[in-house]
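Take a look at the structure below.
Please treat every number below as a calculation from the coordinates, not as lab data. Nothing here was measured: the structure is a model prediction, and the numbers come from that model. Heads up, the Cβs are rebuilt from the backbone with ideal geometry, glycines too, and the neighbour counts pull from every protein chain shown.
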Amino acid sequence: MNWFTEILHSDLAQRLRVDEILYEGRTEFQDAKVISNGRLGKILVLDNVVQTTLGDEFVYHEMLAHVPLFSHPSPKAVLIIGGGDGGLLEEALKHPSIEKVTMVELDGGVVDLAKEHFQELNQGAFDDKRTNLIIGDGAKFVAETNEKFDVILVDSTDPQGPGEVLFSKIFYANCKRCLTESGILVTQNGVPFLQASELAGSVAHFRDLFNDGSAYVITVPTYAFGMMALGWATDDKSLRQVQLSSLEERFKKANFTTNYYSPEVHKAAFALPMYVKRIID
Ligand code: SAM
């Protein structure tokens, strides 16, 4: 029996049984693997770290997309940084108010793998006429563009290798410059139980730059060792306090089904366990 061991943290590792190796090679930027596992289905691995799995991607992609997109009263323009597998793009495009989603992914090789092996996940989202896919560095894009976005979603790798710059203060400052007045920035911020300094660092930067900086939590089976944190930054403090009845109305109007997201889960995700609160405060 063949096992893949993910070593992301210094003290703990997770192992996944490999039933089949569907791809193994190197893109221009990173080592890439597509493996399959009986419980999780197909799994995308970059630089030996699990990025997404067909079995549990819905938790991460729904919560990264729908929490900000239902908090904002009428999001039209969305920017995704990273997100090469296309799962987040697919969720964002479900919102009827969305006119354009610009996705800036560093590694065209990841998009090619996603188109070949993860069609169940991206469901043709790359071909949607509202999609504007740019292959390039997300940090460079936000430093140079004059476009404005209602919501920016950072679906990055962990802060090592090409993803490191996506956790820097200058990157967040440039994101703020690209947001409309009540715009929202949401970021992938790791597992606080093991990556506390990563979350503390991001939220400290948010609070220096924005009127409201915080995080919300989700439980993704393959991002092992506790809840995962998603960072939240905006100048409009009311957006973290949207009434349950408004969320219910927006969700009903959007008229799509989910597997994890619900208006109640949305509200509850901002209730942080004390150990997470201490990290960000
Ligand atoms: N959900 C995943 C997780 O939390 O592990 C992240 C998945 S997504 C595939 C991450 C993507 O970010 C990768 O495809 C990677 O190429 C991309 N990426 C890393 N650094 C980047 C940068 N500086 N600009 C744009 N995309 C970047």
Item to check | Pairwise centroid distance, computed over Cα atoms, of the stretch 135-209 with the stretch 237-281, Å | outcome: 20 Å
Next on the checklist: As an exercise, identify the trypsin sites (Lys or Arg not before Pro) in the stretch 101-176 lying in DSSP coil whose Cβ has no more than 14 other Cβ atoms within 10 Å.
Outcome noted: Lys129, Lys148
Checklist outcome for this item: Rounded to the nearest 5, the percent of DSSP beta bridges in the chain running antiparallel is 60 percent
Checklist entry - Which one of Asp56, Asp235, Asp31 has the biggest mean-square fluctuation once the chain is modelled by GNM with Cα springs under 10 Å? => result Asp31
Checklist entry - Using +1 on the beta carbon of Lys and Arg, -1 on that of Asp and Glu, and nothing else charged, what's the dipole of the stretch 57-280 about the Cα centre, debye to 20? => result 820 debye
Item to check | Proximal aspartates and glutamates to Lys237, defined as alpha-carbon separation beneath 16 angstrom and excluding residues fewer than eight positions away on the same chain | outcome: Asp150, Glu181, Asp208, Asp212
Checklist outcome for this item: About its Cα centre, the stretch 94-158 carries a charge dipole, from +1 on Lys and Arg Cβ atoms and -1 on Asp and Glu Cβ atoms, whose size in debye to the nearest 20 is 300 debye
Checklist entry - If you find the alpha carbon centre of the stretch 1-28 and of the stretch 41-87, how far apart are they in angstrom? => result 20 Å
Checklist entry - Longest span of the chain, sites excluded, free of GluC sites (Glu not before Pro) in DSSP loop with at most 14 other C-beta atoms within 10 Å? => result 148-281
Checklist entry - Relative to the longest principal Cα axis of the chain, at what angle does helix 196-209 sit, 0 to 90 degrees, rounded to 10? => result 30 degrees
Checklist outcome for this item: Surpassing 21 Å at the alpha-carbon level, of the pairs Lys148/Lys277; Lys76/Lys252; Lys129/Lys252, are Lys148/Lys277; Lys129/Lys252
Checklist outcome for this item: Summed over the other residues with a beta carbon less than 12 angstrom from that of Leu179, with K and R at +1 and D and E at -1, the charge totals -2
Checklist entry - Looking only at Met63, Met103, Met227, which one moves most when the chain is put into a Gaussian network model with springs between Cα atoms under 10 Å? => result Met227
Checklist entry - Using a ≥ b ≥ c from the Cα gyration tensor of the chain (square roots of the eigenvalues), is it rounded, prolate or oblate, where a/c under 1.5 gives rounded and otherwise the larger of a/b and b/c decides, a/b for prolate? => result rounded
Checklist entry - Counting each DSSP H run of 4 or more residues in the chain as -39500 (n - 2.57), what helix-only mean residue ellipticity at 222 nm follows after dividing by all residues, to the nearest 500 deg cm²/dmol? => result -9000 deg cm²/dmol
Checklist outcome for this item: In debye to the nearest 20, the charge dipole size for the stretch 3-53, taken about the Cα centre with +1 at each Lys and Arg Cβ and -1 at each Asp and Glu Cβ, equals 220 debye
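Relative contact order of the stretch 57-280, please, whole-number percent, based on alpha carbon pairs below 8 angstrom and at least 6 residues apart.
21 percent
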